[in-house]
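Every number here is computed from the coordinates shown, using simple stated rules; none is lab data. In this text the structure is predicted, and so the values were computed from the model without any measurement. Heads up, the Cβs are rebuilt from the backbone with ideal geometry, glycines too, and the neighbour counts pull from every protein chain shown.
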Amino acid sequence: MDWPFSAGQASRAIAQLHLAPPLRETRVIRYSGYGIDPPIVSNGVLFLKEARNWVARDERTHAKIWSRRWTGEMGTAPRAVWDGKLAVWEGDTALLLNISTGIEERRVEGLHLGWAVMVGDILVGWWRGCVYAADLRSARLLWRFDADATDNAISCEPCATDERVFVGLEDGSILALGLSDGQPIWRQRAPNGSGARAYVRGRACVSGDTVIFRVGGGGDVGVVALAASTGDVVWTFDLHDVVQDGAFYGPFYHVVGWSGRYGLLEVSTGRQILISSLSSTLPSTLATLRDFFPLLLSETHAWVGAGSGYLLAFNRETGEYAWHRLPKRAGAFQRQTHFTSVNGRLYYADMSARMYWLEEEHPTDPVLRAQRGSPR
């Protein structure tokens, strides 16, 4: 699955991505739902929710390929693509639709609607107080972990490897569960140097034997890296800002804060390669922007949403401002954005339930990439 970046990708590690500003807007579409339910783009097909229908459209022309109406009380936007099938939710049932026709091929009962990542044939999903795994090939629920049973809650989007699922809880606990059986492998308390109670939030991500979580609670730890195999704390980091998002690119972890603090850290050791303020490099007309989220990384640039729907690009290695755009239809309340890049295009969705196609004005090629220098 190509879109969205935050769903369907078990580890949240980033592949090498070539995308450089300036970009130009080539298309805008409306879809049903909220900005937290963006469409999926996969193999040239756009899957989205329109009113009470799941719809497939040609990515380039927007021509309708098929439409299927849901019959239950609640249906989600598409969540994942697997083995020629589209995973959607209708109440507490996951439906697997043929991506070419929209015809239901199988269903898995007893799965709460919510976000999901794929690990081979296994779908790992979560919603509020529970995390679960389902084998889509056999259409059966493998296990469910209920945090509600211990007066707790899932407080961050889990990530997974082919052996383990990593979960953060509201009470500050971090757990590793077996992918095949859901059994706890280790449990760790998120550190918070101030002594205040820490909690885990945002999106977890894993690379090799390092799993990274964002930590909140007002202490002096904003990011914690654990050994995925043992749960031991490898390193912690204080951004001196409320950590909003983070992602891997190669051997480095990039992190951005609410007010624009930006860090580039070595994944294995936590060594600080760069700490800077994105806000300080902005043009004066944008200097008051805050709420930097989310973060997308390309070979040369860090792409960040901010303020009332702004899209910003900074040099990934130095944090220097490069480019910005405010979509024509953006408004004062469109503070949450989602975007990723597929096939040389940037897809940008906001809380107005609009998605924008942006393309490079000067497409990157090997010569241009060489002129811009190699990434870290």
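A few notes on this one:
- Unit charges on C-beta of K, R, D, E only; dipole of segment 150-249, Debye: 120 debye
- In plain terms, the bigger the Kirkwood radius, the slower the diffusion; for segment 98-161, with that radius from Cα pairs, at 20 °C and 1.002 mPa s, Stokes-Einstein puts D at 169 µm²/s.
- Zero-based 5 Å bins, Cα pair distances in segment 149-259, whole percents: 2, 13, 24, 27, 20, 10, 4, 1, 0
- Simple label model, 7 Å out from Cα along Cβ direction - Ile65 to Gln272, nm: 4.8 nm
- Rounded to the nearest 20 debye, the dipole magnitude of segment 204-360 is 620 debye, with +1 charges on Lys and Arg beta carbons, -1 on Asp and Glu beta carbons, and the Cα centre as origin.
- At full extension, Glu359 and Arg107 could sit 87.0 nm farther apart than now, given 0.36 nm per residue minus the alpha carbon distance.
- With semi-axes defined as the square roots of five times the eigenvalues of the C-alpha gyration tensor, the equivalent ellipsoid of segment 224-351 measures 26, 16, 14 Å, largest first.
- Full extension of the chain between Thr288 and Arg24 yields a length gain of 92.6 nm, computed as 0.36 nm times the residue separation minus the alpha carbon distance.
- Cubic angstrom per residue, convex hull over Cα atoms of segment 132-171: 78 Å³
- In this Cβ point-charge picture (+1 for Lys and Arg, -1 for Asp and Glu), segment 49-179 has a dipole of about 680 debye about its Cα centre.
- Equivalent ellipsoid dimensions for segment 60-198 as semi-axes, Å, which come from the Cα gyration tensor, largest first: 32, 16, 14
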